[in-house]
1. Using only the heavy atoms of the protein chains and a 1.4 Å probe, how would Leu39, Leu69, Leu78 rank by accessible area, largest first?
2. What residues have an amide H closer than 5 Å to that of Gln41, excluding those fewer than 5 places away on the same chain, when H is modeled at 1.01 Å from N in the peptide plane?
3. For Glu31, what accessible surface area do you get with a 1.4 Å probe? Give it in Å², rounded to 10.
Amino acid sequence: MTKVSRSLALPAGLVLWLLTSPALAQVVSREQDIIDLRLGQRVMVDDGSCPAGQIKEVQGSQMTTSGVLRTRKCIQRLGTKKR
């Protein structure tokens, strides 16, 4: 491996990982189904509480003494709804 190709391998790998990360998001139908939410983890909840074309995103946003703090927001739904 040449010096130039080695220096490009890490940024290229990082870009590839960032592009595939949203595809790995877990989708559940109820927020109660989320067990052991980790810091930084994002889970999509399709419970109908957001406006049409959006889905609820629950994220482990902050570590507290009692565990991981969850934040919730409605985000744009990226694909078609699958049943």
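The values are calculated or read from the model by the stated rules, or taken from the named source; none is laboratory data. Only a predicted model underlies this, so the values are computations on that prediction, with no experimental measurement involved. Just so you know, the surface numbers come from the protein's heavy atoms only, side chains and all, with ligands and any DNA or RNA stripped out. Shrake-Rupley method; radii C 1.70, N 1.55, O 1.52, S 1.80 Å.
1. Sorted descending by solvent-accessible area, the residues read Leu78, Leu39, Leu69.
2. Gly60
3. Using a 1.4 Å probe on the heavy atoms, I get roughly 30 Å².
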